[in-house]
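Comments concern the structure below.
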Amino acid sequence: MSPSIDSKHIRKAFLTSLKEGVVELNKDWRASRLPPISMEGQLHGYLSLYPLPALEYAMESGYYVDDDGQVVFVFYPQKYSKIEYKGVSVFVAGSFNGWQEAIGDSDWELKPEKIGGKRVLVLRKDVDIFSCDDGCQFKFVTDKHHWFLSDMTAPNLASDGMGNWNYVFQPKRSGRHRLGFVLKKPIEFSDTNVLLYHTRKGVERTELSLGEFFLSLKSDKELGAVVAKESVTFRIFAPRAKWVKVGFFRDLKAPEDASWLLMKRGKDFVWEATVEEDLTGCYYWYRLDGPDDESSLFDSSFKVLDPYAKAVVGHEGPGIVIDDTKYGRKPRKFTPPQWQNLVVLEGHVRDFVENAPGVERADGRPLGFSDLAKYARRKDFYPKRLGVNAIELQPIQENDSHTYEEYHWGYMTSNYFAPHSGYGLDPAKGSQVEEFRDLVSSLHDEGFAVILDVVYNHVGEPAHLMFVDKLYYFHTAADGTLTNWSGCGNDLRSEAPMAKRLIIDSLKHLMEFYGVDGFRFDLADLVGKPVLKEIEAELKKVRPEVILIAEPWSFRGHIGPELRDTGYASWNDGYREFLKGYVRGETGVESVKYFLRGSVGHYATWPAQTVNYVESHDDRVWIDDITENANFDGTNPTQHDIARTRMMVAMLMMSVGMPMLHAGMDFLVTKNGVRNTYQDGPRNALNYRRALEYSSCSKYFSDWVAFRMSDRGGILRHYNRAPEGFFEFLQAESGNAFACVYNASGEWGDRRFLFAANPGLREVDIPLRDWGGKPWRQIADHERFLSPSDSIWSNHPDKSLFLPSLATALWEL
């Protein structure tokens, strides 16, 4: 009689190649009593099973049990983003040792070893000390309290119920609960493959999942609608499709007349069909079918928008066949300022133009690329008056707005190659392609670098890639449900080769075809440091000076400090919260020292790596957040609100790093206390009349920007780290007021600046030392930059520096 097992014993089965795989049991199994396991479908017959080394399990799970019955915790440093391990200890912390209590306890510290040819950190413990038959949760953590995120592909994850995922140690899963097998011939991805095994209840079935090797599939073929002289070749990567068809048509009003052509699959899982005629300007969709299982969303009736379509009619499609060569020469080369010389302004296409002078709306059409290009060429273009030299546009790629008129921030991307159809004059004809090229060119002509906000962590609705292959392109839980660290319903599996290629190809297209200068990566934590580094390497082959900025967090974690060894600058949320607190007198001078010097060490390796900001499109605007008014409503700011805003911009411009402003904050733009306005066009549109109401505040901003970008301001725009002694901080006897001398050591020439701020509601005096008998000459105070005729009213510090309440000031020596 054949040996049998309980139906609960098989946990899962998955492939490691087209012909090999692993059966994972719920507990260890003796090799002499393996049950008969066979393959349903075309692969009849028993499978040959063999035990796998226990150590292989540790690479995924963080532990295994050795032959001596010891639990071996194994930490692979190379699996994680860059951490400065020198002088840093790593510990195992879990439910068995009090979590935080384990940090610093030598009994739980891992030590260096070489296992399986790899240098790792190891801790061995007797299995008897763990009383957790149902599982003990654990994680790895440094003595600096840096908690390493668990590998989300690990087979032993569990939630703690508070949004955190931990590894789970179970004595019955020692690493010997995994068995390898070999198939008679390669698997067919388009089938739902099932293993059969004998139990006491009869024959049981378990689905054979594809495993990590499936996610390594890739192709180098050019994808999308590839236009030749008298033909178009359509290509799409769809590894689990049973069939794929492309439907193309010329009359947008009659999509039912589309010609549907069955495509042929290549060995690299790219489906291809060639039409021997000029289809430029024609419309097209794909349809495909595949396995019907929990990890799939195939629908043979759903019309899929080509991920590589270079223009689209709308978020549902169809795509438009575009011939790049018909748009003339490549964009004129524009050299953006070096990063340390940038002053960035973030804004939205429609927010800029909705109330802009000289912009007329014809026939009620929505405003878009051509309107912003026209406005940019005017002398009174708002960013020009403010004096910035880089504009960061919120997403301009196709988003899932349902009509052309609908206002949308753009963070629900439907296609990565196509400029948003709603910003075009004639989207059905793809006019948005030429119009966005013209917008970038116009901004360059006016001296602005163009940075695009891009969203490669999730997609909008409908999620066309999900209908191409949900398993390949999206992170899913074991039950096939989508993960949601983005907070937007799905997480793109950016590390999958063809997802990564889609990201890189679309970014290159935006650079080469449109002339874009750089990108800000939304929720970059979900893109991941390894992928970000590959993106950096590929884009710098196109333009070495490309501007790369990360929003380094998500609902999963924060990788800002871990990007220090990359070529990315990062939005500095620590700076944002620091400055909000400081102007209200809630933050001490020690924080001032850290952030004014450029977040040295923890966050930034080089000066321009920190993007210093206090307001962006997200969340409340500055004036609403700091106002003394109730309900976070800065509509009518108090005098204290305005004074604190002036202090903020002065400190922002005097901080080492890359300063970023949000459109309208110089004239105290308000959302009237509303926190999330992602589809509120009227509330987000810039009210330029408010710039007249608060004109002195707006001028104060532009004067600080001008000073920052002037020759004198060059002492703030560090390319390399400032030498020791460059900053000299001075404090009042009490309170949070400070003064700082820039270039105190004199190593960067004879010019020195003295900058001071007092967030308190009382005046202060700060003692000064003698500077060779030379007097400090005031440049600015808390209300204005001084002209020569203002010198009689200027503040002349000698042995001490006087500051009124809520005041900032700047002097030069």
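The values are calculated or read from the model by the stated rules, or taken from the named source; none is laboratory data. Just so it is clear, the model here is predicted, and its values are computed rather than measured. Positions of Cβ are backbone-derived with ideal geometry, glycine not excepted, and every protein chain shown enters the neighbour counts. All accessible areas refer to the heavy atoms of the entire protein, side chains included, with ligands and DNA or RNA removed. Shrake-Rupley method; radii C 1.70, N 1.55, O 1.52, S 1.80 Å.
Enter the accessible area per residue of segment 414-536 (Å², integer; probe 1.4 Å; all protein chains in place).
23 Å²
Anything over 21 Å Cα to Cα? Flag those among 221/508; 326/508; 218/242; 330/384; 12/264; 19/201, in the order listed.
330/384; 12/264; 19/201
If you stretched the chain out fully between residue 131 and residue 362, how much longer would it get, using 0.36 nm times the residue separation minus the C-alpha to C-alpha distance?
75.8 nm
Which whole-number percent gives the relative contact order of segment 263-404, counting Cα pairs below 8 Å spaced six or more residues apart?
Relative contact order, segment 263-404: 20 percent.
Taking a Cβ-Cβ separation under 4.7 Å as the criterion for a possible partner, which cysteines of the chain have none?
If one checks each Cβ against the other cysteines of the chain, 282, 488, 697, 740 turn up with nothing under 4.7 Å.
For the pair residue 584 and residue 172, what calculated FRET efficiency results from E = 1/(1 + (r/R0)^6), where r is the Cβ-Cβ distance and R0 = 51 Å, to the nearest 0.05?
0.40
Compute, for residue 283, the solvent-accessible surface of its heavy atoms (probe 1.4 Å) with the complete set of protein chains present, and express it in square angstrom to the nearest 10.
Here the accessible area works out near 20 Å².
Using a cut-off of under 18 Å, list every residue of segment 140-170 whose amide N is near the label point 7 Å from the Cα of residue 484 along the Cα-to-beta-carbon line.
Once the point is set 7 Å along Cα→Cβ of residue 484, 159-165 turn out to lie under 18 Å by backbone N, inside segment 140-170.
Go through [x] 106, 73, 47; [y] 89, 64, 55; [z] 88, 57, 50 and flag the label whose value is the computed Cα extents along the principal axes in Å for this structure.
Recomputing Cα extents along the principal axes in Å here picks out [x].
Taking a cut-off of 30 Å between Cα atoms, list the lysines near residue 111, but don't count ones fewer than 8 places away on the same chain.
Cα-Cα hits under 30 Å: 27, 79, 82, 86, 125, 139, 144, 172, 529, 533.
What does the helix-only formula give at 222 nm for the chain: each DSSP H stretch with n ≥ 4 adding -39500 (n - 2.57), the total divided by the residues, and the result rounded to the nearest 500 deg cm²/dmol?
-5500 deg cm²/dmol
For residue 426, put the label point 7 Å out on the Cα→Cβ axis and report which residues of segment 251-286 keep their amide N under 16 Å from it.
251-253, 280-283
Search the structure for amide H atoms under 5 Å from the amide H of residue 673, placed 1.01 Å from N in the peptide plane, and list their residues when 5 or more places away or on another chain.
634
Top to bottom by accessible area (1.4 Å), largest first, where do 475, 402, 602 land?
So the residues, ranked largest to smallest area, are 402, 602, 475.
In whole angstrom, how far apart do the alpha carbon centroids of segment 348-367 and segment 199-227 sit?
48 Å
At 0.36 nm per residue, and after removing the present C-alpha to C-alpha distance, how many nm does the segment from residue 154 to residue 70 gain when stretched out fully?
Length difference between fully extended and current span is 28.1 nm.
At a Cα cut-off below 25 Å, give the lysines reachable from residue 379, other chains included and same-chain residues fewer than 8 away excluded.
Correct list for residue 379: 333, 699.
What accessible area per residue, rounded to a whole number of Å², is obtained for segment 97-213 using a probe radius of 1.4 Å?
Dividing the accessible area of segment 97-213 by its residue count gives 52 Å².
Using only protein heavy atoms and a 1.4 Å probe, report how much of residue 425 is accessible, in Å² to the nearest 10.
In the full protein context, residue 425 sits at about 90 Å².
What is the chain's relative contact order, in percent, from Cα pairs under 8 angstrom and six or more apart in sequence?
Averaging sequence separation for qualifying contacts and normalising by length gives 9 percent for the chain.
Please compute the net charge surrounding residue 451, taking Lys and Arg as +1 and Asp and Glu as -1 over other residues with Cβ under 11 Å from its Cβ.
Charge balance near residue 451 sits at -3.
So what's the gap between the Cα centers of segment 713-774 and segment 552-571, to the nearest angstrom?
The distance from the Cα centre of segment 713-774 to that of segment 552-571 comes to 30 Å.
Segment 468-501 to segment 598-631: how many Å between their Cα centroids?
With segment 468-501 and segment 598-631 each reduced to a Cα centre, they are spaced 30 Å.
So which lysines pass the test for residue 799, namely a Cα distance under 29 Å, with those fewer than 8 places away in the same chain ruled out?
593, 774
Not counting ligands, DNA or RNA, and with a 1.4 Å probe, what is residue 405's accessible surface area in Å² rounded to the nearest 10?
120 Å²
On the protein heavy atoms, probe 1.4 angstrom, tell me the percent of accessible surface of the chain carried by carbon and sulfur.
For the chain, the apolar C and S fraction of the accessible surface comes to 49 percent.
Return, ordered by residue number, the residues of segment 90-128 whose backbone nitrogen is under 13 Å from a label point located 7 Å along Cα→Cβ of residue 142.
Answer for this model: 90-91.
Long-range amide H contacts for residue 612: which residues qualify at under 5 Å (H placed 1.01 Å from N, peptide plane, sequence gap of 5 or more or a different chain)?
658, 660
Please work out how much length the chain gains when fully extended from residue 695 to residue 257, using 0.36 nm per residue of separation minus the C-alpha to C-alpha distance, in nm with one decimal.
Stretched fully, the residue 695-residue 257 segment lengthens by 151.8 nm.
Could you calculate the FRET efficiency of residue 118 with residue 618 from 1/(1 + (r/R0)^6), where r is the beta carbon distance between them and R0 is 35 Å, rounded to 0.05?
With a Förster radius of 35 Å, E is 0.30.
Please give me, ordered by residue number, the GluC sites (Glu not before Pro) of segment 295-365 that lie in loop per DSSP and have at most 11 other Cβ atoms within 10 Å.
360
What FRET efficiency would be calculated for the residue pair residue 326, residue 541, taking the C-beta separation as r and a Förster radius of 22 Å, to the nearest 0.05?
Efficiency, from the Cβ-Cβ distance: 0.25.
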